[in-house]
There are 2 protein chains.
Amino acid sequence: MVKKTREEALATRQSLLAAALQVFRERGVAHTRLSDVAERAGVTRGAIYWHFKDKAELFQAVCERGTMPVEALLAEASQNALQDPLATVRQLALMALTQLAGHADTQAMFDVIFHKCEFTEELAPVVAKNDADRAACLSQVQRLFDQAVACGQLPADTDTFLATQGLHAYMVGLMHEWVLNPGSYDLAACAKPLLDCYLAGLATRPPICRPDAG
Amino acid sequence: MVKKTREEALATRQSLLAAALQVFRERGVAHTRLSDVAERAGVTRGAIYWHFKDKAELFQAVCERGTMPVEALLAEASQNALQDPLATVRQLALMALTQLAGHADTQAMFDVIFHKCEFTEELAPVVAKNDADRAACLSQVQRLFDQAVACGQLPADTDTFLATQGLHAYMVGLMHEWVLNPGSYDLAACAKPLLDCYLAGLATRPPICRPDAG
DNA sequence: ATAAAAGCATACATGCATGAATGTAAATTG
DNA sequence: CAATTTACATTCATGCATGTATGCTTTTAT
């Protein structure tokens, strides 16, 4: 009773990913031994080494499964951005927070990424992908802000680069801190007011960074 | 030529802390071997085990050395908060960002804490101290926001709890992301406009979280 | 000056996680 | 229905980081 059918093998792979996410969250990625992941998934280390090369590749697979919906969101948002760019940004950010508030797996993933993981050389591919994703997201949001300036939704002298950095930092910080204490406040309910507060700041007093002389 | 005088021993301890900060940043805390730290400091592991119980205690010492100035700032700020609470909050946040932008050691520390460390059980004392510090900081800022509402600096219906969470998230996010790419923009120059943007949002459209029915 | 303790260096024993090697039985393929 | 591959389980050898124990030399206290 060793060999499984193809779909059973896929199920094994999925349960390995789920188990890894859990154990990563409990023990931290670096301190996690693959035997723990295997035990949690109800298999042995042999199964892990069959499906993945090593722990880094397993972690990479866990991350990619988690960031897939976000990327789909970004791609989808590039469509209907023409008429109301600010609303598009707002929707984008809102859906990210809503996804975090609602999905337990998403919470686990960000908990791992933010607090239970060391981004060192051995996870270089994950870091590289993170960097690429962030860069793509940032440039897309900045383009939306540029459009918002062109539409008159934002002041003409808005530094859209800084505005983008600020919004991204806001989002990262909200997720980073909220996953530490999901019970501290109702993120799903508070996401809108929190976002609108920052967007209002952008509209009334946008960041303007004069290229300082000296 | 083994035994050192007392101040030489203190110097050894300091160089151990500095070396640990560097190696932690390069290799990550979990992957750092104490022999690396010792070698970087020009001693052997014996010196580490003399000054510290284990890696966790070493990391704790590194963290405490880094958070000391921040705590001093907070204590100092509780003094002159009466007449202009909003300006006090602004000053507080500004000094934190300025400190980060200017001090290389502070950058290293936050890089380690944000990206090169797993907060698991073995670092429980550090986590506990972090939690306590954050709670103290948040409650103090919220008190300032409450005063700001009383002064009329912020709208009467402002949810000061959410406003505090938002500002804290903003700060965390700014630091979290900026240490990843200190060259991406001039934090020292942009700290003011970035902060004022969020504070303007607080003044014009403060977060108000209605206790949602259903 | 002598005893005691400080401040490390060195040597040793231990466990433990890894990765590779091998075994194996069922499931495909032709 | 044979041959081959899949999908793991099991075993093994290895290295490596840790913690402890011990040794050694110089301060420091008295």
Worksheet item: Which of the residues that make up segment B:2-19 are in a helix (DSSP H, G or I) and within 11 Å of DNA strand D (Cβ to nearest atom)?
Response: B:6, B:7, B:8, B:9, B:10
Practice prompt. Test residue A:64 against the stated conditions and say whether it is closer than 23 Å to residue A:195 by Cα, among the acidic types (Asp, Glu), at pLDDT below 95 and assigned to a helix (DSSP H, G or I).
Written response: no
Worksheet item: Inside segment A:20-61, can you point out the residues that are among the aliphatic types (A, V, I, L, M) and outside any helix (DSSP H, G or I)?
Response: A:29, A:30, A:43
Discussion item. So residue A:64 passes all but one of these: (1) of a type in the set (Asp, Glu); (2) away from every other protein chain (no Cβ under 14 Å); (3) touching a Lys or Arg at 6+ places or on another chain (Cβ under 8 Å); (4) near DNA strand C (Cβ under 9 Å from one of its atoms). Which condition number does it fail?
Written reply: (4)
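I'd like to check something: does segment A:11-30 contain any residue that is near DNA strand C (Cβ under 8 Å from one of its atoms), surrounded by 12 or more Cβ atoms within 10 Å (Cβ to Cβ) and either closer than 22 Å to residue A:106 by Cα or over 19 Å from the mean Cα position of the chain (by Cα) (or both)?
no
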Item to complete: Return the only residue of A:149, A:179, A:112 being more than 12 Å from chain B (Cβ to nearest Cβ) and either of a type in the set (Val, Ile, Thr) or touching a Pro at 6+ places or on another chain (Cβ under 6 Å) (or both).
Response: A:149
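Yes/no per residue for (1) over 28 Å from residue A:28 (Cα atoms); (2) among the aromatic types (Phe, Trp, Tyr); (3) more than 12 Å from the chain's Cα centre (by Cα):
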| position | (1), (2), (3) |
| --- | --- |
| A:140 | yes, no, yes |
| A:148 | yes, no, yes |
| A:169 | no, no, yes |
| A:185 | no, yes, yes |
Discussion item. Can you tell me which condition residue A:33 does not meet? The list is (1) within 9 Å of DNA strand C (Cβ to nearest atom); (2) buried (at least 16 other Cβ atoms within 10 Å of the Cβ), and all the others hold.
Written reply: (2)
Worksheet item: If the Cβ limit is 7 Å and pairs must be 6+ apart or interchain, which residue in segment A:96-114 that is of a type in the set (Asp, Glu) pairs with which residue that is at pLDDT 95 or above?
Response: A:105/A:21; A:111/A:25; A:111/A:179
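The values are calculated or read from the model by the stated rules, or taken from the named source; none is laboratory data. These numbers were taken from a predicted model, which means no experiment stands behind them. Here Cβ is always computed from backbone atoms with ideal geometry, including for glycine, and neighbour counts include all displayed protein chains.
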